[in-house]
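What follows is a single structure, written as structure tokens, with notes after it.
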Amino acid sequence: MELIDGKYIADTIKQEIAETVKQMMAEGKKQPHLAAILVGHDGGSETYVAHKVKACEQCGFKSTLIRYEADVTESELIETIEKLNSDTDIDGFIVQLPLPKHISEQKIIEAIDYRKDVDGFHPINVGRMSIGLPCYLSATPAGIIELLARYNINTKGANCVVLGRSNIVGKPVASLMMQKHNPGDATVTVCHSATKNIKEICSQADIIIAALGSPGFVTEDMVKEGAVIIDVGTTRVPDATRKSGFRLRGDVDFDNVAPKCSFITPVPGGVGPMTIVSLMKNTLLAAQHAIY
Ligand code: GUN
């Protein structure tokens with residue numbers, strides 16, 4: 001069993017990005033600039049955004065954090081998005097999800113200029129991804145593909161089971177895993193809450209990508225000997241031994257599943273750091289006008 005070290009790969013890529021930025025600035029080009037909008041005080045969102053701001057520093061990017069209280073109106077948010085759309089110093093920006101219930105996430109996503117949509121959530125980027133055109137790939141799926149590539153994991157012809165059908169992870173990663181490309185070229189099955197025989201389907205999988213948000217869902221009896229396991233889950237579970245009072249738990253029963261695998265990602269330190277690095281890659285592409 002080999003542990004997939006997402007933190008190490010992410011640190012390596014951030015160093016590569018920082019080198020490129022140094023070179024760009026030596027050539028007199030502008031510093032890449034990412035903005036993030038954070039609404040409310042959700043603990044998970046606060047942590048993610050803090051990590052994104054720190055990653056910007058490590059990559060040599062400028063970052064701007066715009067905060068709103070949870071009672072901000074949809075039209076106030078859209079006004080800010082329109083300002084960011086036309087601000088020539090901002091290369092790309094994100095609105096951290098989830099948003100409070102009174103705001104339509106889809107309306108917000110569609111208000112973002114797709115050329116600055118470094119999260120890759122705008123329907124134009126999603127559509128371009130699904131037909132294999134250059135676009136901003138959404139961060140978690142792109143991070144998973146990068147890990148498979150850097151560990152030379154063969155995906156061609158593999159049975160890949162994706163657990164979860166979210167717009168952010170399940171659907172796009174399924175689409176990328178079946179693209180005519182390496183990594184990709186897999187036979188993909190997507191399982192979700194209405195799937196009848198998940199255990200049976202998983203036990204045939206060469207690769208399982210678990211993105212359900214259900215701690216410990218994937219158990220030893222669901223995993224084939226030698227399978228590759230990618231765990232996207234990051235649920236906060238109470239842990240009195242931690243200062244924070246919680247720890248992150250993945251969708252895979254790691255201790256029992258790991259001995260059966262050829263490769264497995266840990267939680268934390270697997271997919272999570274790669275997600276942030278994918279956002280940094282998209283921001284660099286935006287600053288270079290490499291896609292649009
Ligand atoms: N919430 C959970 N994951 C993400 C992400 O990748 N981007 C944004 N904007 N919000 C998220």
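The values are calculated or read from the model by the stated rules, or taken from the named source; none is laboratory data. Just so we're clear, the structure is a prediction, and the values are computed from it rather than from any experiment. Backbone-built Cβ (ideal geometry, glycine too); neighbour counts: all protein chains shown. Remember, those area values only see protein heavy atoms, side chains included, never the ligands or the DNA or RNA. Shrake-Rupley method; radii C 1.70, N 1.55, O 1.52, S 1.80 Å.
What percentage of the solvent-accessible surface of region 88-218, computed with a 1.4 Å probe over protein heavy atoms, is contributed by carbon and sulfur atoms? The partial results should precede the final answer.
Details: 3080 of 5880 Å².
Carbon and sulfur atoms account for 52 percent of the accessible area of region 88-218.
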task = Rounded to the nearest Å, what's the spacing between the alpha carbon centres of region 112-156 and region 1-50? Just the number, please.
result = 16 Å
message = What's the ranking of 135-144, 269-278 by average number of surrounding C-beta atoms within 10 Å, highest first?
response = 135-144, 269-278
ask   = In the Gaussian network model of the chain, springs joining C-alpha atoms below 10 Å, which of Thr12, Thr155, Thr187 carries the largest mean-square fluctuation?
value = Thr12
ask   = What is the distance, in nm, between label points placed 7 Å from the Cα along the Cα-to-Cβ direction at Ser130 and at Glu76?
value = 3.4 nm
task = Would you kindly calculate the mean projected area, averaged across all directions, of the convex hull enclosing the Cα atoms of region 78-160, in square nanometres?
result = 7.3 nm²
task = Rounded to whole Hz and in sequence order, give me ³J(HN,Hα) for region 190-198 from the Karplus expression 6.51 cos²θ - 1.76 cosθ + 1.60, θ = phi - 60°, writing x for Gly and Pro.
result = 9, 10, 8, 4, 9, 6, 7, 10, 4
note = Which residues qualify? For Arg247, with a placed amide H closer than 5 Å and at least 5 residues away or on another chain, they are Val237, Asp239
inquiry  = Could you compute how much accessible surface Asp42 exposes when probed at 1.4 Å, giving the result in Å² to the nearest 10?
reply    = 80 Å²
query = Under a plain spin-label model, where a point goes 7 Å from the Cα along Cα-to-Cβ, how far apart in nm are Asn154 and Gln23?
reply = 3.4 nm
note = Extend 7 Å from the Cα of Arg236 along its Cα-to-C-beta direction; within region 59-84, residues with backbone N under 12 Å of that point are none
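By the gyration tensor of its Cα atoms, with a ≥ b ≥ c the square roots of the eigenvalues, what is the shape of region 151-292: rounded for a/c under 1.5, prolate for a/b over b/c, or oblate? Intermediate results must be reported in sequence, preceding the final value.
Numbers: a/c = 1.77, a/b = 1.10, b/c = 1.60.
Since a/c reaches 1.5 but b/c is at least a/b, the shape of region 151-292 is classed as oblate.
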request  = Could you tell me which of Ile131, Val53, Phe93 has its Cα farthest along the dipole of region 1-145 towards the positive end, charges placed at Cβ (Lys, Arg +1; Asp, Glu -1), taken about the Cα centre?
outcome  = Ile131
key: Rounded to 5, percent antiparallel among DSSP beta bridges of the chain   = 10 percent
ask   = Which of Gly92, Gly164, Gly40 moves most in a GNM of the chain, Cα contacts under 10 Å?
value = Gly40
query = Where in the chain are the DSSP H helices whose C-alpha atoms run 20 Å or more along the long axis and whose mean Kyte hydropathy is at least 1.0?
reply = 271-287
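Among the DSSP beta bridges whose two residues both lie in region 199-292, what percent are antiparallel, rounded to the nearest 5?
Details: 4 of 11 bridges.
The antiparallel fraction comes to roughly 35 percent.
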query = For region 246-292, what is the accessible area per residue in Å² when the probe is 1.4 Å?
reply = 37 Å²
Loop-resident sites, region 65-174, for GluC sites (Glu not before Pro), counting at most 12 other Cβ within 10 Å (DSSP) = Glu69
task = May I ask you to list the GluC sites (Glu not before Pro) in region 1-45 that are in a DSSP loop and have at most 15 other Cβ atoms within 10 Å of their Cβ?
result = Glu27
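Magnitude of the Cβ-charge dipole of region 140-203, K/R +1 and D/E -1, about the Cα centre, nearest 20 debye? All intermediate terms of the calculation are to be shown ahead of the outcome.
Working: 7 positive and 3 negative charges, 22 e Å.
For this selection, approximately 100 debye.
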ask   = Picking from Phe217, Phe246, Phe93, which is most flexible by a Gaussian network model of the chain using Cα springs under 10 Å?
value = Phe246
request  = Report the FRET efficiency, 1/(1 + (r/R0)^6), for His102 and Asn182, where r is their Cβ-Cβ distance and R0 is 45 Å, rounded to 0.05.
outcome  = 0.55
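Out of all Cα-Cα pairs in the chain, roughly what percent, to the nearest whole number, are more than 36 Å apart? Please list the in-between numbers first.
Numbers: 6562 of 42486 pairs.
So the portion of pairs separated by more than 36 Å is 15 percent.
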query = Points 7 angstrom from Cα along the Cβ direction at Leu65 and Asn197: gap in nanometres?
reply = 4.9 nm
